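The structure appears below as structure tokens.
The values are calculated or read from the model by the stated rules, or taken from the named source; none is laboratory data. Because the structure is a prediction, the values reported are computed rather than measured. Backbone-built Cβ (ideal geometry, glycine too); neighbour counts: all protein chains shown.
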Amino acid sequence: MEVHPHEAFRVNVGGTKLVSELAIKYHAEKFVMISSDKAVNPTNVMGATKKLCELMVHAQSKRKGIKTQFITTRFGNVLGSNGSVIPLFNKQISEGGPVTITHPGITRFFMTIPEACQLVLEAGFMGNGGQIYVFDMGEPVRVLDVATNLIRLSGLEPYKDIKIKFVGLRPGEKLYEELFSNDEPMMPTHHPKISIAQIADSDFEVIYSRIDKMLGSLYKMSETKVIEEMQEIVPGYKSKFELIDL
């Protein structure tokens with residue numbers, strides 16, 4: 001997404017807008033949006049588009065005269081899911097290495113697929129519209145520890161049988177992720193693993209008009225312009241890498 005901001009915006013933001021409008025049109029009882037810890041103080045395109053989706057869905061929940069309840073869930077990496085590091089590391093180990101990690105100090109929140117599914121269903125059941133539910137993912141885990149444990153579980157020795165190679169942070173990648181920002185007070189729920197992030201109400205008309213404007217002229221903009229437009233809408237979005245207009 002970092003190198004294809006147009007498509008990231010079209011799919012994540014445009015897709016969420018389309019499906020949310022269809023949910024209202026066909027009187028769906030609930031709409032649950034899956035967000036990401038990357039939406040908190042975003043430094044990359046993926047996180048910025050997810051934050052935009054959070055703002056849009058929250059704004060939808062405040063519209064008058066609609067029956068659909070709009071709920072957002074926010075959590076980190078799901079072990080074994082598409083794009084997870086576990087399948088990648090296992091593939092690299094099976095091929096004799098090296099196992100590639102961006103940075104020795106990088107940490108991530110992890111949960112299992114059953115945990116993620118259970119908590120999403122629970123949050124969907126609990127919510128009555130407008131909430132952003134944040135899952136307790138425990139302590140962040142060093143990705144390096146995940147890699148070394150997987151190598152040992154394969155009956156091999158890290159650095160001896162399988163090399164570990166540090167390849168540098170990717171554009172927009174953070175050393176650590178966050179589940180709440182400083183301006184989002186945390187509220188507990190009756191579920192010990194689910195909290196609510198309290199965010200300021202979004203102005204539906206303002207959010208929608210800006211998103212519509214971007215979608216209407218998306219492919220007339222340069223990559224830099226797409227980033228700049230998202231920075232105008234998304235609070236705290238800082239792109240750490242300069243983009244060059246092509």
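Numbers below:
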read-out: When residues of segment 54-89 are limited to those that are hydroxyl-bearing (Ser, Thr, Tyr) and under 20 Å from residue 110 (Cβ atoms), the one surrounded by the most Cβ atoms within 10 Å (Cβ to Cβ); value: 73
read-out: Residue check, residue 57 touching a residue at least 60 places away in the same chain (Cβ under 8 Å) and either outside any loop (DSSP other than H, G, I, E, B) or not β-branched (Val, Ile, Thr) (or both); value: no
read-out: Counted residues, segment 119-142 - those being outside any strand (DSSP E or B) and either aromatic (Phe, Trp, Tyr) or surrounded by 14 or more Cβ atoms within 10 Å (Cβ to Cβ) (or both); value: 14
read-out: Residue in segment 135-156 that is on the phi < 0 side of the Ramachandran plot, in contact with a strand residue (DSSP E or B) (Cβ under 6 Å, 6 or more places away or on another chain) and free of Cβ contacts under 8 Å to residues at least 24 places away in the same chain present; value: yes
read-out: Top-ranked residue of segment 20-52 - restricted to ones that are among the charged types (D, E, K, R) and in contact (Cβ under 8 Å) with a residue 60 or more places away in the chain, ranked as nearest to residue 76 (Cα to Cα); value: 37
read-out: Selection status of residue 51, closer than 20 Å to residue 208 by Cα and surrounded by fewer than 17 Cβ atoms within 10 Å (Cβ to Cβ); value: no
read-out: Verdict on residue 17 being of a type outside the set (Ser, Thr, Tyr), without any contact (Cβ under 8 Å) to a residue 40 or more places away in the chain, over 29 Å from residue 106 (Cβ atoms) and out of contact with any Lys or Arg (no Cβ under 9 Å at 6 or more places or on another chain); value: no
read-out: Scope segment 166-187; condition modelled with pLDDT of 90 or more and loosely packed, with under 11 Cβ neighbours inside 10 Å; matching residues; value: 167, 168
read-out: Condition met for residue 205 (part of a loop (DSSP other than H, G, I, E, B) and among the charged types (D, E, K, R)); value: no
read-out: Residue within segment 170-188 that is touching a residue at least 12 places away in the same chain (Cβ under 8 Å), of a type outside the set (D, E, K, R) and either on the phi > 0 side of the Ramachandran plot or in a helix (DSSP H, G or I) (or both) present; value: yes
read-out: Segment 220-241, residues that are outside any loop (DSSP other than H, G, I, E, B) and within 22 Å of residue 172 (Cα to Cα); value: 223, 224, 225, 226, 227, 228, 229, 230, 231, 232, 233
